[in-house]
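The values are calculated or read from the model by the stated rules, or taken from the named source; none is laboratory data. Every value quoted in this text rests on a predicted model; they were computed, and no experiment measured them. Positions of Cβ are generated from backbone atoms using ideal geometry, with glycine treated the same way; all protein chains shown enter the neighbour counts. Just so you know, the surface numbers come from the protein's heavy atoms only, side chains and all, with ligands and any DNA or RNA stripped out. Shrake-Rupley method; radii C 1.70, N 1.55, O 1.52, S 1.80 Å.
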Amino acid sequence: MLLFALGFLLIILQPCTGQFPRVCANRQSLLSKECCPPWDGDGSPCGELSNRGSCQNILLSQAPLGPQFPFSGVDDREDWPSVFYNRTCRCEGNFMGFNCGECKFGFSGLNCTERQVRTRRNIFQLTTSEKNKFLAYLNLAKNIPSQDYVIATGTYTQMNNGSNPMFRDINVYDLFVWMHYYASRDTLLGGSNVWRDIDFAHEAPGFLPWHRAFLLMWERQIQKITGDENFTIPYWDWRDAEDCGVCNDEYMGGRHPTNPNLLSPASIFSSWQVICTRSEEYNSQQALCSATSEGPIRRNPGNNDKSRTPRLPSSADVEFCLSLTQYESGSMDKMANYSFRNTLEGFADPQTAISNPSQSSLHNALHIYMNGSMSQVQGSANDPIFVIHHAFVDSIFERWLRRHRPMLEVYPAANAPIGHNRENYMVPFIPLYRNGEFFKPSRELGYDYAYLQEPALESFQDFLTPYLQQARQIWPWLVGAAVFGGIITAALTGLIRACRKKKGGTSSEIQPLLIESEDYNNITYQSNF
């Protein structure tokens, strides 16, 4: 009965965010290249009659890209989403959504004017009922079809440039698995040729903003299908963990008693089927993942390649990463040195920040450690541990933002790998979001982390650190200025005294002003200070 009620609630709720809006996945929309659906509130495209938004031409960034992708016009994701649509809804004020029927993240109310900040909590600090509700919500999302979105099962060329649409339905959870796959898949070049050095969600500056947006959209979908507006994703704090503390039947599924690569039959996740895990098969067929079932979730935590990932990340690894002042550097890919993003993503050593792709640390370490579905990039979101892991990664990103307080200009505007410049739209989201829109503190997006709210010494250190770093940088100049000032003061004082003495010797009627020794000492002290 509860499942039926939640399914009915999904049907009547307004659309949220995802991949291809169902109302635009048709021949007319593809041929006209326009996705400006009406808002149910007034029946006008983009809610224009209610001043929610209007149908506008998409403004694409013209900033140059990095050299990693040497092609043009061969991938549907280039200049997203212009291959499919060049006109979409541009929403006003705090409105959002493919038809401007939603509120921006962090806002609610009839006119989206009410500010809201929800708190994400440690999964181990949830009550039993809260934890069970979270697991039930995950399972519900796996079993309810998305009412608002469909996925593409062919490229634009395979769709005969829009005249033969190729889309299919998908459940809410797998919609997000497919989006993660689509953003990170290889480029199909024809024949049996592919280009692997491309990823719109990883190995470049957009890694953290992309996953931040991804989690917010996932969170919003769960709120909608359950009617629980206060739902937030819990996080798994894996610092200094000796094993997978959530890999048991109480949480995300234990180990199968006879097959260590599978989940325990007592876990609800043991019946889940994965999608989008056979990248080599898709490449050989020059096809997209069609979201058909490909077997159960596979996971064998800790039995990974120890030469690549010898242990789970430590608190010291995280603290060193947070000390890095540059968000991005150099080539802005997985070879970047002294880059906070590259170190947190796990391609640089967490003790030196020097790139070392042969090792997997921090974020990457967790994926490799799970030794299964989560260890292959394109299909990693199949394992529900993905969301609680990335929630904690996002909290580290949040700590860095609060500690260093970067301006938006810190995020690269040009020369990043394809899709990762500040003004590029994130693949494959519709409505459209630019990378730079999520390079901001989480509270501005309507959420916070429980462990960042506590008035602990750690929070005070995060507040104080940028000022100490600035003082450290200018301290030699301050010392030099003080020494130079002292020398100048002494020279001027000596010159003045010599002049006065000379004048006193030439005329007995002209006497210098008398300065008491106490006053003179005060002047000297003030000058030196």
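Using a 1.4 angstrom probe on heavy atoms only, work out the carbon and sulfur share of the accessible area of region 203-270 in %.
C and S atoms contribute 41 percent here.
Rolling a 1.4 angstrom probe over the protein heavy atoms, how many square angstrom per residue are accessible across region 232-316?
In whole numbers, region 232-316 has 45 Å² accessible per residue.
Within region 20-34, list the residues whose amide N lies under 17 Å from a label point set 7 Å along Cα→Cβ of LEU60.
Under cut-off, by backbone N: 30-34.
Could you calculate the contour length gain from ASN51 to THR325, that is, 0.36 nm times the residue separation minus the distance between their Cα atoms, to one decimal place in nm? Could you put the intermediate results ahead of the total?
Numbers: separation 274, 0.36 × 274 = 98.64 nm, distance 4.19 nm.
Stretched out fully, the ASN51 to THR325 stretch lengthens by 94.4 nm.
I'd like to check one number: the per residue accessible area of region 320-375, probe 1.4 Å, reported in Å² as a whole number. Mind showing how you got there, number by number?
On the way: 1760 Å² over 56 residues.
Spelled out: the 1.4 Å probe surface of region 320-375, per residue, equals 31 Å².
Arranged from highest to lowest average of other beta-carbon atoms within 10 Å per residue, in what order do the peptides 98-109, 374-385 appear?
Listed from highest to lowest mean packing, they are 374-385, 98-109.
Return the long-range amide H neighbours of CYS103 (sequence gap of 5 or more, or a different chain), with a cut-off of under 5 Å between placed amide H atoms.
Here MET96 satisfy the definition.
Compute the FRET efficiency between GLN125 and ILE268 as 1/(1 + (r/R0)^6), taking r as their Cβ-Cβ distance and R0 = 25 Å, and round to the nearest 0.05.
0.70
When the chain is fully extended, how far beyond the present Cα-Cα distance does ALA287 get from ASN303, taking 0.36 nm per residue of separation? Mind dumping the intermediate values first?
Details: separation 16, 0.36 × 16 = 5.76 nm, distance 3.24 nm.
Gain on extension, ALA287 to ASN303, equals 2.5 nm.
With a 1.4 Å probe and every protein chain left in place, work out the accessible area per residue of region 379-438 in Å², rounded to a whole number.
On a per-residue basis, 22 Å².
When the Debye formula is applied to the Cα atoms of region 42-194, each taken as the same point scatterer, what base-10 log of I(q)/I(0) results at q = 0.11, 0.15, 0.20 Å⁻¹?
Once normalised to I(0) and log-transformed, intensities are -0.69, -1.16, -1.35.
Taking all protein chains together and a probe of 1.4 Å, list THR113, THR309 from the most accessible to the least accessible. Walk me through the numbers before you get to the answer.
Working: THR113 100, THR309 0 Å².
Result of the area sort, largest leading: THR113, THR309.
Take the Cα gyration tensor of region 188-267, multiply each eigenvalue by 5, square-root it, and list the three semi-axes largest first, rounded to whole angstrom.
Semi-axes, largest first: 30, 24, 16 Å.
Add +1 for every Lys or Arg and -1 for every Asp or Glu among the other residues with Cβ under 11 Å from the Cβ of PRO205, and state the total.
-2
Can you tell me the FRET efficiency between ASN356 and ARG168 if r is taken as the Cβ-Cβ distance and R0 is 41 Å, rounded to the nearest 0.05? Write down the numbers at each step before the final one.
On the way: r = 41 Å, r/R0 = 1.00.
Efficiency for this residue pair is about 0.50.
So what J values fall out for region 146-152 if you push phi through Karplus, 6.51 cos²θ - 1.76 cosθ + 1.60 with θ = phi - 60°, rounded to Hz, Gly and Pro as x?
Karplus values, whole Hz, x for Gly and Pro: 6, 7, 9, 10, 10, 10, 7.
Tabulate in residue order the Karplus-calculated ³J(HN,Hα) for region 303-314, using 6.51 cos²θ - 1.76 cosθ + 1.60 with θ = phi - 60°, rounded to whole Hz; enter x for Gly and Pro.
Whole-Hz 3J(HN,Hα) from phi for region 303-314: 9, 8, 6, 5, 5, 8, 9, x, 7, 6, x, 9.
Using the Karplus curve 6.51 cos²θ - 1.76 cosθ + 1.60 with θ = phi - 60°, what ³J(HN,Hα) values do you get for each residue of region 156-167, in whole Hz, with x for Gly and Pro?
Values per residue, Gly and Pro as x: 4, 5, 5, 7, 6, 6, x, 7, 10, x, 10, 9 Hz.
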